[in-house]
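**Q** There's a structure below that I have some questions on.
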Amino acid sequence: MSVLIKEPEAIMHAVQGFSADTVRAHSMARNEPAWMLEFRLAAWRQFEAMPWPEPTDEAWRRTRLTGFDLKNFKPVATAAGAVEKGALPRFLQEELDEMDSAASMVFEDSGLRNSVFHANLDDHGVIFADLQSAVQQHPELVRKYFMTEAVKPDLNKFTALHAALWDTGAFVYVPANARVTLPLQVILNQAANGVGGYHHTLVVTEQGAEVTVVDDLLGARDGLQASVVELLIGAGSVVRYMNLQDFDHSAWNFLTGRAVLSRDADLRWIQVSWGSRLTKAFLDVDLMGTGGHAELLGIYFPTGNQHIDHQTLQIHRAPHCFSDLLFNGALKDKSRSVYMGIIQVHPGAQKTDAYQRNGNLILDPAARADSIPGLEIEADDVRCTHGATAAQVEEEYVFYLMARGLTRPQAERMIVQGFFQAVLDRVPVESVVHKLERVIERKIGG
């Protein structure tokens with residue numbers, strides 16, 4: 001039986017515009033404790049005080065917000081009036097069935113639509129909960145970690161907006177030495193049109209823990225998504241995180257994510273950008289403890305008039321740490337990509353080993369890829385390298401494959417698939433690899 005959760009009348013009035021009253025009504029509708037309301041209101045004041053990005057800002061020189069106006073969106077997805085719980089639409093059920101997971105949650109617009117637990121996580125003290133429930137049931141943990149260490153509200157204009165209006169989210173807490181062998185799956189379907197969404201992922205692991213988390217983000221037609229990802233990785237922990245963004249091509253998408261690694265922590269972060277009208281993603285890995293190991297891998301494939309912008313930061317604060325970044329993108333039609341990355345080595349972070357590479361495959365003359373890798377090194381015993389490439393499909397390769405019986409479209413499709421394989425080979429979940437391969441096929445047009 002479907003269950004309708006009605007929102008208070010106040011929220012229906014407040015969502016007519018962005019204001020402090022909207023924030024209050026948003027918090028009241030969720031019966032949040034006073035400390036969360038105070039947190040939201042403080043973030044709103046920060047949002048109001050911060051300027052919008054200007055074309056003269058270095059981070060925004062190549063990504064303009066032309067056509068973006070916050071007033072064009074309903075502030076929060078509760079404008080739809082209700083969250084329905086019950087049978088999932090077929091495409092969401094297929095997303096769930098495709099992955100062999102330990103547990104899964106499906107969010108639709110402002111609330112949790114469905115949750116399934118295939119493993120008894122409680123036996124190991126693992127918490128996998130929607131963030132709204134975690135605020136009520138685990139307030140001491142949420143208050144300690146939520147936007148306090150990794151991504152703070154005042155980091156940029158969109159993180160302040162997110163902190164004030166966050167709605168859906170997953171809270172993952174893995175205690176010391178606990179291991180979750182199968183992935184934890186989170187699906188967000190932003191179904192309402194023209195609405196702002198603010199999804200949050202908070203993953204905390206204690207010493208020696210291990211977990212894999214997959215975020216699958218869909219929908220947001222004519223809408224806004226300003227999301228935040230926080231990964232707080234304890235000493236000796238292993239975290240695999242995948243962010244699979246496939247929003248509608250009319251959506252504005254702003255993502256800020258940061259992973260903070262303690263001593264001997266191990267991270268592999270897979271960032272996939274298929275959808276949206278415009279994506280601006282800030283992705284940081286912060287190696288704070290000796291012996292940390294971080295891999296940041298990305299795939300993007302803009303088509304039409306899509307604009308995809310990734311800005312990465314590999315921060316080495318401690319000695320004997322390793323980081324490796326590989327972002328590969330293919331571009332079709334009149335699309336554009338921007339990649340800007342910095343390896344930052346602090347004084348005393350000796351024996352740092354860091355690498356950064358961005359590759360771009362241009363499939364149409366009107367497509368454009370900008371790549372700006374960089375180094376900021378303040379230690380004298382390090383190995384840091386970076387590189388960037390942008391090239392069209394080599395006719396020699398096409399001829400070679402056609403000489404062996406393939407048509408030109410088949411040859412070009414094989415070359416593009418091979419270009420992405422360097423990243424796909426490092427994706428740790430087989431069902432995710434198959435899904436990415438299908439989307440690549442779709443994007444190529446085959």
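The values are calculated or read from the model by the stated rules, or taken from the named source; none is laboratory data. Since the model is a prediction, treat every value here as computed from it, not as a measurement. So basically every Cβ, Gly included, is an ideal-geometry build from the backbone, and we count neighbours across all protein chains shown.
**Q** Criterion first (over 30 Å from residue 393 (Cα atoms), of a type in the set (D, E, K, R) and out of contact with any Lys or Arg (no Cβ under 8 Å at 6 or more places or on another chain)) does residue 286 satisfy it?
**A** no
**Q** Looking only at the stretch 381-408, count how many residues are loosely packed, with under 14 Cβ neighbours inside 10 Å, within 25 Å of residue 442 (Cβ to Cβ) and within 32 Å of the chain's Cα centre (by Cα).
**A** 3
**Q** Now for a separate question. Report yes if residue 228 is in a strand (DSSP E or B), in the same structural domain as residue 282 (by TED's automatic domain parsing) and either farther than 17 Å from residue 282 by Cβ or more than 15 Å from the chain's Cα centre (by Cα) (or both), otherwise no.
**A** Details: in a strand (DSSP E or B): yes; in the same structural domain as residue 282 (by TED's automatic domain parsing): yes; either farther than 17 Å from residue 282 by Cβ or more than 15 Å from the chain's Cα centre (by Cα) (or both): no.
So residue 228 fails the test.
**Q** Take residues that are at pLDDT below 95 and tell me which of the helices (runs of 4 or more DSSP H) falling wholly in the stretch 1-72 contain 2 or more. Quick ask: steps written out before the conclusion?
**A** Numbers: elements: 9-14, 20-29, 34-49.
Helices (runs of 4 or more DSSP H) meeting the threshold: 9-14, 20-29.
**Q** Any residue at all in the stretch 279-294 that is farther than 27 Å from residue 161 by Cβ, basic (Lys, Arg) and either in contact with a strand residue (DSSP E or B) (Cβ under 9 Å, 6 or more places away or on another chain) or not assigned by TED's automatic domain parsing to the domain that holds residue 147 (or both)?
**A** No: zero hits.
**Q** Still on this structure, I have one more. Search the stretch 92-121 for residues that are without any contact (Cβ under 8 Å) to a residue 40 or more places away in the chain and within 21 Å of residue 439 (Cα to Cα) and pair each with any residue that is of a type outside the set (Ser, Thr, Tyr) and in a loop (DSSP other than H, G, I, E, B) when their beta-carbon atoms are under 9 Å apart and the residues are at least 6 apart or on different chains.
**A** Close Cβ pairs (under 9 Å, with a partner that is of a type outside the set (Ser, Thr, Tyr) and in a loop (DSSP other than H, G, I, E, B)) amount to 93/87.
**Q** Still on this model: Within the stretch 85-120, how many residues turn out to be surrounded by 17 or more Cβ atoms within 10 Å (Cβ to Cβ) and part of a strand (DSSP E or B)? Walk me through it before giving the result.
**A** Going through the stretch 85-120, the residues surrounded by 17 or more Cβ atoms within 10 Å (Cβ to Cβ) turn out to be 85, 88, 92, 95-96, 99, 101-114.
Retained after the next criterion (residues that are part of a strand (DSSP E or B)): 85, 103-108, 111-114.
The qualifying residues number 11.
**Q** Taking the criterion of being over 21 Å from residue 311 (Cβ atoms) and either exposed (fewer than 15 other Cβ atoms within 10 Å of the Cβ) or modelled with pLDDT of 90 or more (or both), would at least one residue in the stretch 371-380 satisfy it? It would help to see each step written out before you state the result.
**A** Just the residues of the stretch 371-380 that are over 21 Å from residue 311 (Cβ atoms), to begin with: 379-380.
Still in the running and either exposed (fewer than 15 other Cβ atoms within 10 Å of the Cβ) or modelled with pLDDT of 90 or more (or both): 379-380.
Yes - at least one qualifying residue is present in the stretch 371-380.
**Q** Then there is this: How many residues are out of contact with any Asp or Glu (no Cβ under 7 Å at 6 or more places or on another chain) and within 16 Å of residue 232 (Cβ to Cβ) when one looks only at the stretch 148-157?
**A** Taking the stretch 148-157 as the starting set, the residues that turn out to be out of contact with any Asp or Glu (no Cβ under 7 Å at 6 or more places or on another chain) are 148-149, 152-157.
Retained after the next criterion (residues that are within 16 Å of residue 232 (Cβ to Cβ)): 148-149, 152, 155.
Residues in the stretch 148-157 being out of contact with any Asp or Glu (no Cβ under 7 Å at 6 or more places or on another chain) and within 16 Å of residue 232 (Cβ to Cβ): 4 in total.
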